[in-house]
1. Could you sort B:345, B:56 by their accessible area in this structure, using a 1.4 Å probe and putting the largest first?
2. Enter the buried accessible area of the B/A pair, total of both sides, probe 1.4 Å, in Å² rounded to the nearest 100.
3. By how many degrees, 0 to 90 and rounded to 10, does the Cα axis of helix B:438-454 deviate from the longest principal axis of chain B?
4. Nearest 10 degrees is fine. How inclined is helix B:416-426 to the longest principal axis of chain B, computing both from alpha carbons?
5. So how much accessible area does residue A:27 have, in Å² to the nearest 10, using a 1.4 Å probe?
6. At 0.36 nm per residue, minus the direct Cα-Cα distance, what do residue B:291 and residue B:72 gain on full extension? Give it in nm, one decimal, please.
7. Against the longest alpha carbon principal axis of chain B, how many degrees, from 0 to 90 and to the nearest 10, is the axis of helix B:387-398 turned?
8. Could you give the length gained on full extension between residue B:236 and residue B:187, defined as 0.36 nm per residue of separation minus the Cα-Cα distance, in nm?
Amino acid sequence: MATGPLRFRTPHIEELPIAQSRQSAGFAWVAVSTAQDDPAKNWGTTNRKRARASLGGQTEQQKEALSARVQRETERKIKELNSDNSRDVVIDIARKPGQSTGGAFKAGKTTGTKKILASGKTFAHYLDDEEAEIARTGRRDGDADVPAAAQRASKTPLARRKPRADSSASHSPAPSVAPMAPPPIPRLQTTDSSAAPIPLDGFEDDDEEEDDKDRVPRMPTAAEMEALLNAPPLTYNQARSAPPPAGMPPPRLFCETCGYWGRVRCMKCGAMTCSVVCKDEHDQSRCLKMYA
Amino acid sequence: MARQKSLSTTAISPNDLASRTLILDNGAHTIKAGFSSHLSSTPISTTACHVIPNCIARSTRDRRTYIGPELTTCADFGDLAYRRPVEKGYVVNWEGEKAIWERGFLANAANAANNDESGLGCDPAETNLILTEAPNAPISLQRNADEMVFEEFNFGAYYRTIAPALNAYAPSPFPSTTASPAGIPLECMLLIDAGHSHTTITPLYHGRPLHPAIRRLEIGGKTLTNRLKDLISRTFDVHREDHLVEEIKEDVCYVSPSFTRDLERTWKGGRYDGREVDSSVVVDYVLPDYEHIKRGFYRPHDTDVMNLRNRALGIGTETGRREHVVTLGNERFTVPELLFTPSDIGMRQAGLCGTVLQSLDALPEGLRQAYLANVVVVGGTSLLPGFVERLESELRAAVDEATVIRVARAESPVKNVWMGGARLAADEAALRAVMITRQEWAENGEGWVRRRFVGKKGR
């Protein structure tokens, strides 16, 4: 039960229900401290570690909030690392001197190329378009037809997906095309007639057939090799490397100032430093100064 | 109307194939371009391959814009802003790419003077083209590339392939493999292409890629350069100096065989636990100022702090120039460590060794040994010292003891793809089998052409 007037800030007060008091229509002081609390405001007055560990653990929601924020930060940093132009650079391509045909030449020779030359799409646009296309219709390219409803464009790298039990990629693609006609057949006439729909991620099934427990694994037959060779290429997201298996050690943290192992975390901003010397340096110049 | 010829043949009639082939390894960092001819019998050497920076750079100091090969004429690389038409390995910005190609090697009346020096001028209608791109390209980008090559540049015949596939035609870097004549690909090869935008792992079988097993690790030379920029900027802000940091990375970074041990050696110690920094690892890099010092260089670390100040003022240096020095310690090996442990920056992908294993897992069990015994490493980032040894030791630790592992770097990692393309182009039969002429493209449409490029021989 709550005690008298509180003399200091104690955001974490929880009344533990004792057996006898369960019937009493009571109330309990439960402080919900969200992860969005500004850590700088109450550093030193709370013992966040102890609170996290002992108060029945954080709620799922709090854990989620914390990790989502951290994750977003790291993803932003990684995207920045992988970006080409460190700032938004606008460089005009100078006209070549002595250009005889002027504007028409620069714009491109046919309507198609004009469009391509003038388009300002970035790679992210193309990738999104492709994923949308795959989600909308079965597969790109008219290669193979998959019932569109079954597939959702997935960003899970291929290595991470659970293997599917469907047919493998050994059926030759585009079975719908009559031998004489030129290729791009509208998709409509092929959805039901295709012999074996090739799912987006059924590629691994080839090896499952050969997975004998022999001491010396046998070489695949020519037919199996042909099947492997003829398998359609993966999409951009499927070919990405998968996260390491969960058994691996957690990611290593380094000191922000000097680069050695990070051993102590700054209370205000959460950055790691290795030693007192580096921590002093961090506090003076790199810690989020607005809290100073 | 049905045209029998174009459907059933895999060869093109003789008069459709031009005599020279331009091989363009269109990379995100540089273009490797050169000619090869299936009519001449001179052996191909890498001197025929020209490396052209694939970027458009604007220098605020000169207020000039350098497009492609003009970058070599630039005197002051400071504060150079880059724009690259190739993003993540695929040509996205064709406007920029067209400008660079025109400056580089397409014959143009205004550029005739430039082209004569490099010997790369060509008339597209009289030339075949072999163009490379990264694997797993979005379809619309492939379509755009095909359209641009045929409609805009008007090449006569063309073959677009993924860059790793051409390496199978290059000479094998393993000393024990017998040399094969031009045009015959090596049988089995697991290719690791450590490039500018990313690192790709491609198993090849007789020169054809096994698509379900291609994996991509999104750490490349660009990531390493940007990471190095961040680390150096802790002491000296270099965020705007792309070119300089690239040079520093190429000069000074190496892959350490044992990360923890090297990290211990470069620690300066805690407050009560001061340590002597190991001078064999820590170096001082002298920054170029493009007036007296044209190119940076490094020397072992000078622990005397007074010297640092003196040098900056120009006292005690040779010719009295002012030297500004950046000390690089654990950045030297922490940055390339990202390739092997991407989780250091929080990236949720397996390291290089893990990605190789993922790729092998997608192959039948029986092929694992074959591919592990033929690992070839190409790409600019593989020039880092210690890369191959570290990869080999990690693979060794992860794989069964009985398996043989051979890892080798190609003799010229940057030009190897070009070499493969050149050797492919030197062999008439192989060339005929893969080229698509404009006529075929016009008749059969871009979908068919795209499938042919991927390797589907049948319908």
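The values are calculated or read from the model by the stated rules, or taken from the named source; none is laboratory data. It should be emphasised that the depicted structure is a prediction, and the values quoted were computed from it without experimental measurement. We place every Cβ from the backbone using ideal geometry, glycine too, and count neighbours over all the protein chains shown. Note: areas computed on protein heavy atoms with side chains; ligands, DNA, RNA excluded. Shrake-Rupley method; radii C 1.70, N 1.55, O 1.52, S 1.80 Å.
1. Order by accessible area, largest first: B:345, B:56.
2. For chain B against chain A, roughly 8500 Å² becomes buried.
3. Here the helix axis deviates by roughly 50 degrees.
4. Between helix and principal axis, roughly 20 degrees.
5. 150 Å²
6. Additional length available on full extension: 77.2 nm.
7. 80 degrees
8. Gain in length upon complete extension: 12.7 nm.
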